[in-house]
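The values are calculated or read from the model by the stated rules, or taken from the named source; none is laboratory data. Small disclaimer: the values here were computed from a predicted structure and weren't measured. So basically every Cβ, Gly included, is an ideal-geometry build from the backbone, and we count neighbours across all protein chains shown. These accessible areas exclude ligands, DNA and RNA; they are computed on the full protein's heavy atoms, side chains included. Shrake-Rupley method; radii C 1.70, N 1.55, O 1.52, S 1.80 Å.
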Amino acid sequence: MASFDAIVIGTGPAGVMAARALRGKRVLILDVGRQPNPLPDPEPGGDLYEQRRTQPDLFDFLIGQNFESLHNIHSEPVSLKLKSPLMRYIIDDARALAPVRSQNFDATMSFAAGGLANAWGAGVYRFTTRDLDGFPVRIQELEPFYDELTEHMGVSGANDDLTPSFGNDPALQPPIRLSRFASDLHTGYRQKHEVFAKLGVSIGCTRLAVLTEPYRGRPAYNYGNFEFFRPHDRSVYNPAYTLRELIDAGQVSYEPHHLVLRFAESDQGVTVTTRNLLSDTHEVFEGRTLILAAGALNSAKLVLESNDDHNTRLPLLDNPMTCLPLFRPNRIGQALDTQDSSLGQLILIHDYQGTVLQGSVYGTAGPLRSDILFELPLSITANLAWMRRTAAATGLLMMFYPADPHPDNYLQLASDGALQLNYSKPVTTGPERGAAERALIPAFRKIGFYTAAALCQYPPMGASIHYAGTLPMRDKPGRYELYPDGRLHGSRNVHVVDGACFPRLPAKNLTLTIMANAMRIASRIRDMVL
Ligand SMILES: Cc1cc2nc3c(=O)[nH]c(=O)nc-3n(C[C@H](O)[C@H](O)[C@H](O)COP(=O)(O)OP(=O)(O)OC[C@H]3O[C@@H](n4cnc5c(N)ncnc54)[C@H](O)[C@@H]3O)c2cc1C
C-alpha cells in the first residue's frame, strides 16, 4: 500500500534535517508551509540607517498599514521578532490552526516553511556529556551530526573560554563583529578574568548559524540590523533553504497547505489524515514509516489526537528565563553603531552552586523604541529622551535556567481539540531565579557595567521558546514515551524527532541538538528500518 518510504510532518529544523538524512528513500513532507510576502520594491538594502536616509517613507516596512509592529502596545505580547509586517507570516494563523488555552504559558507556534527558525537568533550550542545527563543518547552518537551541521549550515564563533561548555568545533567561521558595548564587556572580562573565574563565570563569543564569510552560495552577514523586519536574510541559516535544496534535487516530495489532523497504523505502515487548507477537504497519505517533526507541542498533540486521548497529561519543558539590563555609563550620549546587529553578542556561562546557567548578551539595536517606551517609569517624552541618550550604553543579559519534568507542568488535549498548557512550577531544579544574577552584579561593576537586582525581570514561561519533553526518550519507555531510536512506545512505525524527545532541558539553546538528534534517528531509520 505504502507509496512513500517515509512521511515527515513539519519543515522546521527537526523535519528538514530528518528528511535530509533520509536521502535515497522516497520521502513525502507534509506541512502547512506559510511563506513570507514579497519584499518591497526596491528591496531594503544596506542598513536601517541608510534606509532612513534614502527612503522617503518606511512606515509600511517598519510599522505596517495595520500598525502590526505596534501589536504589543495594545494586544497580548508576542516575541518582538514576530510582529513586524513582513515577519508576521511566521505565526499567522497559529492560534486558529492550533488553539491553545493557558493561564501561565505563552506558547508560540509556527506553521511557516522553516518553522520557528524563521525568527530564531541562530544560536547553536553543542550539548556536552553533562548536558545529556538523563538522555538515553551518548555524546559520541551526536558528534558526527553536529560536525555535519556545521558543514551544512556554516557556523561562526570561536573556540575560546567556552569550549569546555560547547565542545571544540574546528570548522567555525570567524565570530561576528561585536558592537562597542559588547566589545567593552569582553575586554573588561579578559582584564578581570580572575574575578569572574572565582564566581564560576566564563564569557566568550556566540556560536551562530550566521555566515561571516560567503559559504555555499550564501553571502556573509552585512550588519544591516534588519532581523526584526526582513525575513530570509540569506546569511542567517533557515531550514527553508535546505527544504528548497531537497525539493530542487528531487530528494523529497513536498505538500504544503496541509494541516495534519491524525495518523493511524496498520500492518503495512501508516496513514496520515490531513485537512487541505486550499480546498478545505480531507486527504489521506500512506507511507511505511511516519516521522513526527511538528514541534514539541504539535507532535504531542497529534499523538494524543490519534489516540483520542483527552485525559492524559504529558510533561512539558521550557527553559525559565531572566533578563538583566546592563548599563555602561561612559557610553551615555553616544550614538548607536549604524552597522549593527540584534544577534546575540556574547555568551556567559555561570556555574552557580553546581547548576550551570547560560546567558546571552544583546544590544538594543534591534527593537523599535515603541517596544520599550512603556516599560520605562517616566513620562512618554522623558522616556523617549532617556532612550535616545542611553541606547548605546544599554545591553541585556538574558539567562536560561535548566528544566526537569514536574507534575505541575503539563500539556493535555481538551475535548474541543485545543491544547491545554499548564506551567505553574517554573524552576524545577537548582537555584530559584535572581540569586545567580545578584552574584554577578559586583563583578560587572568592577569592569564598568552597572545594574541592580531590582531591575531583573522574569519573563513568563513559554518566552524562551525552547519547548521540549512532551514525549521523552527513555531506555525503557512507557506509554507516550520513545525508545532511544525515537520510536513511539506501542507503535511499529511512528517516530518522533523534535524537541518532544528530550527528557530534560539543560540551560542551553536546544535547536542544534534537535537537528543532530533528528539526523541520528532518521539515519538509523534509513539504514535499519527502510
Ligand atoms: C524569536 C525566536 C528566537 C529563537 N532563537 C533560537 C536560538 O537562537 N537558538 C535556538 O537553539 N533556538 C532558538 N529558537 C527556537 C527554535 O526556533 C526552535 O527550537 C525550533 O524551530 C524548533 O524546531 P522544530 O522543527 O522542532 O519545530 P518548529 O520550528 O516549530 O517547526 C514545526 C513545523 O511543523 C509544522 N507543523 C506543525 N504542526 C503541523 C500540523 N498539524 N500539520 C502540518 N504541519 C505542521 C509547521 O508548519 C512547521 O513547519 C528561537 C525561536 C524564536 C521564535
| Can you tell which of D309, D318 is closer than 22 Å to N422 by Cα, of a type in the set (D, E) and surrounded by 18 or more Cβ atoms within 10 Å (Cβ to Cβ)? | D318
| query | Only one residue in L22, L86, L97, L39 is of a type in the set (A, V, I, L, M, F, W, C), within 30 Å of V252 (Cβ to Cβ), surrounded by fewer than 16 Cβ atoms within 10 Å (Cβ to Cβ) and away from the ligand (no atom under 12 Å from the Cβ). Which one? | reply | L39
| message | Given the criterion of a type in the set (G, A, S) and either under 30 Å from P329 (Cα atoms) or modelled with pLDDT under 95 (or both), identify the matching residue among G434, G469. | response | G434
| query | What are the residues in the range 216-249 that are among the hydrophobic types (A, V, I, L, M, F, W, C) and modelled with pLDDT under 95, if any? | reply | F226, F228, F229
| said: If I filter the range 165-180 for residues that are hydroxyl-bearing (S, T, Y), within 16 Å of the ligand (Cβ to nearest atom) and in a loop (DSSP other than H, G, I, E, B), do I get at least one hit? | reply: no
| note | Restricted to the range 489-511 and to residues being touching a helix residue (DSSP H, G or I) at 6+ places or on another chain (Cβ under 7 Å) and open to solvent by less than 10 Å² (accessible area, probe 1.4 Å), the residue nearest to L411 (Cα to Cα) is A500
| field | Selection status of V8, within 25 Å of L510 (Cβ to Cβ), part of a loop (DSSP other than H, G, I, E, B) and within 16 Å of the ligand (Cβ to nearest atom) | value | no
| said: Being open to solvent by 10 Å² or more (accessible area, probe 1.4 Å), at pLDDT 95 or above and within 15 Å of the ligand (Cβ to nearest atom): is that true of D147 here? | reply: no
| message | Please go through (1) over 30 Å from L326 (Cα atoms); (2) aliphatic (A, V, I, L, M); (3) open to solvent by 10 Å² or more (accessible area, probe 1.4 Å) for A522 and return the number of the only condition it doesn't satisfy. | response | (3)
| note | Considering the range 289-333, residues that are within 23 Å of L80 (Cβ to Cβ) and away from the ligand (no atom under 16 Å from the Cβ), and then whichever is nearest to the chain's Cα centre (by Cα), we arrive at T322
| task | Just name the residue that is modelled with the highest pLDDT out of those in the range 334-357 that are among the small types (G, A, S) and under 25 Å from the mean Cα position of the chain (by Cα). | result | G344
| remark: Filter the range 226-265 for residues that are in contact (Cβ under 8 Å) with a residue 40 or more places away in the chain, acidic (D, E) and within 15 Å of the ligand (Cβ to nearest atom); the one that is surrounded by the most Cβ atoms within 10 Å (Cβ to Cβ) is E227
| message | For the range 205-225, which positions are under 21 Å from S179 (Cα atoms) and in contact (Cβ under 8 Å) with a residue 60 or more places away in the chain? | response | C205, T206, R207, L208, A209, V210, Y221, N222, Y223, G224, N225
| Out of (1) small (G, A, S); (2) out of contact with any Leu (no Cβ under 8 Å at 6 or more places or on another chain); (3) crowded, with 19+ Cβ neighbours inside 10 Å, what's the single condition that is false for S69? | (2)
| Lone unmet requirement of (1) open to solvent by 20 Å² or more (accessible area, probe 1.4 Å); (2) in contact (Cβ under 8 Å) with a residue 12 or more places away in the chain; (3) among the basic types (K, R) for R53 | (2)
| When the residues of the range 104-140 are filtered to those that are within 7 Å of the ligand (Cβ to nearest atom) and outside any loop (DSSP other than H, G, I, E, B), which remaining residue is surrounded by the most Cβ atoms within 10 Å (Cβ to Cβ)? | G115
